[in-house]
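Student: Submitted below is the structure of interest, expressed as structure tokens.
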Amino acid sequence: MKRNNTENIGDILRRFLREEGLETPLNEKRLIDAWNDLLGPAIASYTKELFIKNQVLHVHLTSSALRQELMMSRQRLVEELNRKVGATVIVNIVFR
């Protein structure tokens, strides 16, 4: 017996997360986790704090030289992090 009203489990889960307001926090968590994967352990060791507020990733770095270097590639980092998550989670990065 074949069912005609079957749905993909992935679609059901995405719809549930969206309806319950969990999609955005989950994507934000994925993006913060992607920071270490994308930039590697050397830069991650200089990263003290990461948080997202109003679609802006706030990054506290312990190295001012690294901060200056990352500022120059800010837009590329925004694009790469969003691509890694698969959604537009952030629109800007602020380095402190």
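Student: Exactly one of (1) open to solvent by 40 Å² or more (accessible area, probe 1.4 Å); (2) closer than 21 Å to LYS29 by Cβ is unmet by ALA65. Its number?
Tutor: (2)
Student: What is the number of the single condition among (1) at pLDDT 95 or above; (2) at negative phi that ASN54 does not meet?
Tutor: Of (1) at pLDDT 95 or above; (2) at negative phi, only one is false for ASN54: (2).
Student: Still on this structure, I have one more. Going residue by residue through segment 58-67, is there one that turns out to be within 19 Å of ARG96 (Cα to Cα), among the hydrophobic types (A, V, I, L, M, F, W, C) and out of contact with any strand residue (DSSP E or B) (no Cβ under 8 Å at 6 or more places or on another chain)?
Tutor: Yes, because at least one residue in segment 58-67 is within 19 Å of ARG96 (Cα to Cα), among the hydrophobic types (A, V, I, L, M, F, W, C) and out of contact with any strand residue (DSSP E or B) (no Cβ under 8 Å at 6 or more places or on another chain).
Residue-wise test of (1) surrounded by 15 or more Cβ atoms within 10 Å (Cβ to Cβ); (2) not in a helix (DSSP H, G or I).
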{"site": "ASN4", "(1), (2)": "no, yes"}
{"site": "ASP11", "(1), (2)": "no, no"}
{"site": "ARG14", "(1), (2)": "no, no"}
{"site": "ASN27", "(1), (2)": "yes, no"}
{"site": "ASP33", "(1), (2)": "no, no"}
{"site": "LEU38", "(1), (2)": "yes, no"}
{"site": "ALA42", "(1), (2)": "no, no"}
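Student: Restricting to segment 55-83, what's the tally of residues that are farther than 16 Å from GLY40 by Cβ and in contact (Cβ under 8 Å) with a residue 24 or more places away in the chain?
Tutor: Adding up the residues that qualify gives 8.
Student: Touching a strand residue (DSSP E or B) at 6+ places or on another chain (Cβ under 7 Å) and either of a type in the set (S, T, N, Q) or open to solvent by 100 Å² or more (accessible area, probe 1.4 Å) (or both), is that true of THR88?
Tutor: No.
Student: When ILE52 is evaluated against the numbered criteria (1) farther than 17 Å from LEU26 by Cα; (2) in contact (Cβ under 8 Å) with a residue 12 or more places away in the chain; (3) surrounded by 11 or more Cβ atoms within 10 Å (Cβ to Cβ), which criterion, by number, is the only one it fails?
Tutor: (1)
The values are calculated or read from the model by the stated rules, or taken from the named source; none is laboratory data. As the structure is a prediction and not an experimental result, all values here were calculated from the model. Cβ coordinates were reconstructed from backbone atoms using ideal geometry, including for glycine residues, and neighbour counts include every protein chain displayed. For accessibility, only protein heavy atoms count, side chains too; no ligands or nucleic acids. Shrake-Rupley method; radii C 1.70, N 1.55, O 1.52, S 1.80 Å.
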